[in-house]
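Q: Here it is, the structure in full.
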Amino acid sequence: MTTSGDWLLLQELLERGDPAFVDRLRSVTDANALGDFAGRWYENRNANARRLLLAYLERPLNAYRHEALVKRLFKLAEAAGDDAVMARFLVAFDRSIRRVVRNRVHFESQYVDSHEEAERLADLWRSRGIQDARFFEYPNGSGKFYATGSWTEPRIGAVVGTTMPRGRVIDYHNTAIGRIPILDWAARLRLSFSEPPREGEPTEAERRQLEKYRLFSLPTRQYLRRRAWRYFRHLGKTNPERYVAAISEAMVLYENADVDTGLALIDNWGLVHALFHHSPVLVSRPNGWDVAEDGSLSELEPAPIFEDLWRSAPRAILDLIVRARCRPVRQWAVRMLKRDPAARLVVTIDDLLNLLGHADEEVVALAIEWLSEAKDLSTVTPERWLAVAESASPGALETLTAIIRRQIAPDQIAIESAARLAAARPLPIARLGLDWLKAKFPSSDEQRQALLPLLEAECEPIRPEILAWLRSVLSDDFRSDGLLEFLDSRHADARAEGLSWFRAEPMARDDVSLWHRLMESPYDDVRLALTTELEARLRRDRTDAHDLALDSDRLRLLWASVLLNVNRGSRSKPGAIEQVARRLAHRPEEAESLLPILTIGLRSLRAPERRAAMAAIVRLVATRPDSEAMVRAALPEWQWA
């Protein structure tokens, strides 16, 4: 990627703002060419060039041989007073250094004159936490005793071996062939040196392995991050009107991965200065921040440098709450707002409503607290309240719905909106919607139609109550379409409510077209209940299925689907077989289509079903001798006397 053609392609990608430009550029390993490109790129006023520059700097500082490009861009931005670019450099340099906690072992020893003195000394050391405290008589015959012990204490130190190789030739010791010259990146990747050493640039796969390292040596990175922060500190002193906006640009770029532990948080040199510069909990040392001897990170409170500038810009703090990607920055902003009474005069009701949908619980808690204490919410329209309720964070819903109840009367809400809320999953929202619905009296077909989405209500704790209310409303003016909506619902409890309605509604029980449609139901519970209802009706009315005005094909479909169900329906199957047998006795001309249904029961593993089917077939042959040939053909495995 160092030929003139490659640079022409890069220039074309840059001019048209192609996102592939950044990856292409990161694969270039010609340090001199990259250094020369820095000035042309930075001075390019094209909006695409600027956007790609910021995107490049938001990537980790781990592109092989990009030291010259990064350093020259840094100097150009610093000299130009470019706040946006310097914000990205501050974050990038902060991310480039991480420390770890290691245990350091300390030793203590002392000569004493007697056994008793040695024993007292060992006990004293143990009481002070010295591990492995012991003593023994010195073997030179002097009669003295030697006491020794050790202890460990945590020590924070930088991770070593993180510097990106720079393509230099180094001497590498090989046990087989001695010292050999080798490129530093090849040595870092532990490539095989049994053959002549590799020359040239790493392959793409090898460059990807090198991405775990960072540009510049550790001391250089420490210097660069201090210099990046110095830019913002100088800005606060000489151009205070620019400081808050400039440092905010950096603060919103830190992510949760940058502060996932307490040590990682204080490893962000510039961020900690911006948030906790004056905190007594932290101590600034040459290699980074440390916790004070008697301090704890749990005691951290906002103590920013230039706090007076922040107090004069509460809208900027609110903007941090909205835009920040990491939790510590949001927590800092929330606490800054809370301790400044004047901030409440700047934060509007609309701002608080927007915060209710935030994923951070502390942000939502702030919005709820201030909304609950607000004196006048009359400017918020019912439509706005509904939109907020449907998008709010779960933790805000209980208090939010209580506020909404105080602000909105049921007659201000359309029945469609109330039904939409009642069908929602969160319990507070669903309860609010249902309570509003109960205060209404739907009468028109359009209003009844608007209630049908309640059949898909997602809040399981109150779905039975919702379904019972919906049934009571639709029962006032019964129509089979409404009942079918219940019985076609994907929810079993909605179908159960529909079946209860079907059994209790005389107009439904006598609707032949409704029976026909239910016979084709895809749900087992509906088909089984229909079979049971049919059997109960035949017994109650002392009639037979052939006397009912039901379609023969649909009846056969119903009976077959019940008998073929292998998972449920054991109580309904004997009744279905009995219904088939009665139909067959009264309509022998349907024997050809009904016998296969009886054979299903005959081959069942359950004895009650087999006995019922066998009795029906024997009864058929006894009463209709001319059907014997048909039965023999359907049951060739039977042996006839």
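The values are calculated or read from the model by the stated rules, or taken from the named source; none is laboratory data. Predicted, not measured: the structure shown is a model, and the values here were computed from it. Every residue, glycine as well, gets a Cβ built from its backbone with ideal geometry; the counts of neighbours run over all protein chains shown. In case anyone asks, the SASA skips ligands and DNA or RNA and just uses the protein heavy atoms, side chains included. Shrake-Rupley method; radii C 1.70, N 1.55, O 1.52, S 1.80 Å.
Q: Which one of these is within 33 Å of the chain's Cα centre (by Cα) and not hydrophobic (A, V, I, L, M, F, W, C): GLU456, GLU485, GLU505?
A: GLU456
Q: Counting only residues that are over 20 Å from the mean Cα position of the chain (by Cα) and either among the basic types (Lys, Arg) or on the phi > 0 side of the Ramachandran plot (or both), which one in region 328-345 is modelled with the lowest pLDDT?
A: Looking at residues that are over 20 Å from the mean Cα position of the chain (by Cα) and either among the basic types (Lys, Arg) or on the phi > 0 side of the Ramachandran plot (or both), I get ARG344.
Q: Give region 267-304 a look and list any residue that's acidic (Asp, Glu) and either within 29 Å of THR220 (Cβ to Cβ) or touching a residue at least 24 places away in the same chain (Cβ under 8 Å) (or both), or say none.
A: ASP267, ASP290, GLU301
Q: Criterion first (under 23 Å from SER27 (Cβ atoms), at pLDDT 95 or above, in contact with a Lys or Arg (Cβ under 9 Å, 6 or more places away or on another chain) and surrounded by 16 or more Cβ atoms within 10 Å (Cβ to Cβ)) does LEU52 satisfy it?
A: No; evaluated as a whole, the condition is false for this residue.
Q: Only one of ARG425, ARG448 is in a helix (DSSP H, G or I) and either in contact with a strand residue (DSSP E or B) (Cβ under 8 Å, 6 or more places away or on another chain) or among the basic types (Lys, Arg) (or both); which?
A: ARG448
Q: Kindly list the number of the only condition in (1) in contact with a Pro (Cβ under 9 Å, 6 or more places away or on another chain); (2) surrounded by 11 or more Cβ atoms within 10 Å (Cβ to Cβ); (3) modelled with pLDDT under 90 that fails for GLU201.
A: Looking at each condition in turn, GLU201 falls short on (1).
Q: Let me ask another. Would you please name the residue that is farthest from VAL70 (Cα to Cα), looking only at residues in region 101-128 that are open to solvent by 50 Å² or more (accessible area, probe 1.4 Å) and of a type in the set (A, V, I, L, M)?
A: Selected residue: LEU124.
Q: So, SER142, is that one surrounded by 14 or more Cβ atoms within 10 Å (Cβ to Cβ) and out of contact with any Leu (no Cβ under 9 Å at 6 or more places or on another chain) or not?
A: Details: surrounded by 14 or more Cβ atoms within 10 Å (Cβ to Cβ): no; out of contact with any Leu (no Cβ under 9 Å at 6 or more places or on another chain): yes.
Against the criterion (surrounded by 14 or more Cβ atoms within 10 Å (Cβ to Cβ) and out of contact with any Leu (no Cβ under 9 Å at 6 or more places or on another chain)), SER142 does not qualify.
Q: Can I ask one more? Kindly indicate whether any position in region 396-405 is out of contact with any Gly (no Cβ under 6 Å at 6 or more places or on another chain), assigned to a helix (DSSP H, G or I) and over 30 Å from HIS491 (Cβ atoms).
A: First, the residues of region 396-405 that are out of contact with any Gly (no Cβ under 6 Å at 6 or more places or on another chain): 396-405.
Next, only the ones that are assigned to a helix (DSSP H, G or I) stay: 396-405.
When the remaining residues are screened for being over 30 Å from HIS491 (Cβ atoms), the result is 403.
The answer is yes; a qualifying residue exists.
Q: Still on this model: Tell me which residues, restricted to region 335-367, are hydrophobic (A, V, I, L, M, F, W, C) and within 21 Å of TYR243 (Cβ to Cβ).
A: Correct list: MET336, LEU337, ALA342, ALA343, VAL346.
Q: Can you say whether ALA387 is assigned to a helix (DSSP H, G or I) and open to solvent by less than 70 Å² (accessible area, probe 1.4 Å), as far as the supplied structure shows?
A: On the way: assigned to a helix (DSSP H, G or I): yes; open to solvent by less than 70 Å² (accessible area, probe 1.4 Å): yes.
The answer is yes for ALA387.
Q: Then there is this: Residues of region 369-379 being open to solvent by 20 Å² or more (accessible area, probe 1.4 Å) and assigned to a helix (DSSP H, G or I), which ones? First the steps, then the outcome.
A: Our first condition is that a residue be open to solvent by 20 Å² or more (accessible area, probe 1.4 Å); within region 369-379, this holds for 369, 372-376, 378-379.
GLU369, SER372, GLU373 - these are the residues of region 369-379 that are open to solvent by 20 Å² or more (accessible area, probe 1.4 Å) and assigned to a helix (DSSP H, G or I).
Q: What are the residues in region 157-167 that are at pLDDT 85 or above and open to solvent by 70 Å² or more (accessible area, probe 1.4 Å), if any?
A: Result: ARG166, single match.
Q: Quick check on region 55-75: of everything there that is under 18 Å from ALA250 (Cβ atoms) and hydrophobic (A, V, I, L, M, F, W, C), which residue is surrounded by the fewest Cβ atoms within 10 Å (Cβ to Cβ)?
A: ALA55
Q: What is the one condition in (1) in a helix (DSSP H, G or I); (2) polar (S, T, N, Q); (3) surrounded by fewer than 17 Cβ atoms within 10 Å (Cβ to Cβ) that SER443 does not satisfy?
A: Only one criterion in (1) in a helix (DSSP H, G or I); (2) polar (S, T, N, Q); (3) surrounded by fewer than 17 Cβ atoms within 10 Å (Cβ to Cβ) is unmet by SER443, namely (1).
Q: Follow-up question, since we're still on this one. Out of the residues in region 287-327 meeting the condition of being open to solvent by 60 Å² or more (accessible area, probe 1.4 Å) and hydroxyl-bearing (Ser, Thr, Tyr), tell me which one is farthest from the chain's Cα centre (by Cα).
A: Just the residues of region 287-327 that are open to solvent by 60 Å² or more (accessible area, probe 1.4 Å), to begin with: 287, 293-294, 298-299, 301, 308, 311-312, 315, 319, 322-323, 325, 327.
Filter again for hydroxyl-bearing (Ser, Thr, Tyr), leaving 298, 312.
Values: SER298: 26, SER312: 36 Å.
By that ranking, first place goes to SER312.
Q: Taking the stated definitions as given, is ASP260 exposed (fewer than 13 other Cβ atoms within 10 Å of the Cβ) and closer than 24 Å to LEU320 by Cα?
A: Numbers: exposed (fewer than 13 other Cβ atoms within 10 Å of the Cβ): yes; closer than 24 Å to LEU320 by Cα: yes.
Yes: the conditions hold for ASP260.
Q: What are the residue pairs meeting all of these: first residue in region 419-433, first residue more than 11 Å from ALA389 (Cα to Cα), second residue charged (D, E, K, R) and modelled with pLDDT of 90 or more, Cβ atoms under 7 Å, and 6 or more apart or on different chains?
A: From region 419-433, the pairs are ALA423/GLU456; ALA423/GLU458; ARG425/GLU458.
Q: For region 29-49: of the residues being in contact with a Ser or Thr (Cβ under 8 Å, 6 or more places away or on another chain) and under 23 Å from LYS212 (Cα atoms), which is surrounded by the most Cβ atoms within 10 Å (Cβ to Cβ)?
A: Here is the first cut: in region 29-49, the ones in contact with a Ser or Thr (Cβ under 8 Å, 6 or more places away or on another chain) are 29-30, 33.
Adding the requirement that they be under 23 Å from LYS212 (Cα atoms) leaves 29-30.
Details: THR29: 19, ASP30: 17.
Within region 29-49, the match that is surrounded by the most Cβ atoms within 10 Å (Cβ to Cβ) is THR29.
Q: On the basis of being among the basic types (Lys, Arg), part of a helix (DSSP H, G or I), surrounded by fewer than 22 Cβ atoms within 10 Å (Cβ to Cβ) and touching a residue at least 12 places away in the same chain (Cβ under 8 Å), does ARG490 make the cut?
A: no
Q: Specify which of the listed residues (ALA389, ALA422) is within 18 Å of LEU474 (Cβ to Cβ) and among the aliphatic types (A, V, I, L, M).
A: Exactly one of ALA389, ALA422 is within 18 Å of LEU474 (Cβ to Cβ) and among the aliphatic types (A, V, I, L, M), namely ALA422.
Q: Would you please list the contacts, defined by Cβ atoms under 8 Å and residues six or more apart or on different chains, that run from a residue in region 249-261 that is of a type in the set (S, T, N, Q) to a residue that is crowded, with 18+ Cβ neighbours inside 10 Å and in a loop (DSSP other than H, G, I, E, B)?
A: Partner pairs satisfying both residue conditions: ASN256/CYS326.
Q: Of all residues in region 328-354 being among the basic types (Lys, Arg) and more than 28 Å from LEU386 (Cα to Cα), which is surrounded by the most Cβ atoms within 10 Å (Cβ to Cβ)?
A: Taking the candidates together, the pick is ARG335.
Q: I would also like to ask the following. Can LEU253 be described as at pLDDT below 95, buried (at least 18 other Cβ atoms within 10 Å of the Cβ) and out of contact with any Phe, Trp or Tyr (no Cβ under 9 Å at 6 or more places or on another chain)?
A: Considered against the rule, which asks whether it is at pLDDT below 95, buried (at least 18 other Cβ atoms within 10 Å of the Cβ) and out of contact with any Phe, Trp or Tyr (no Cβ under 9 Å at 6 or more places or on another chain), LEU253 comes out as no.
Q: Report whether or not ALA365 is at pLDDT below 90, buried (at least 16 other Cβ atoms within 10 Å of the Cβ) and not basic (Lys, Arg).
A: It is false that ALA365 is at pLDDT below 90, buried (at least 16 other Cβ atoms within 10 Å of the Cβ) and not basic (Lys, Arg).
Q: I'd like the full set of residues that are surrounded by 15 or more Cβ atoms within 10 Å (Cβ to Cβ) and part of a helix (DSSP H, G or I), limited to region 454-474.
A: Residues satisfying the conditions are LEU454, LEU455, ILE462, ARG463, GLU465, ILE466, LEU467, TRP469, LEU470, ARG471, VAL473, LEU474.
Q: Moving on to the next point. For region 170-198, name all the residues that are more than 26 Å from ALA92 (Cβ to Cβ) and either at pLDDT 85 or above or acidic (Asp, Glu) (or both).
A: ASP171, GLU195
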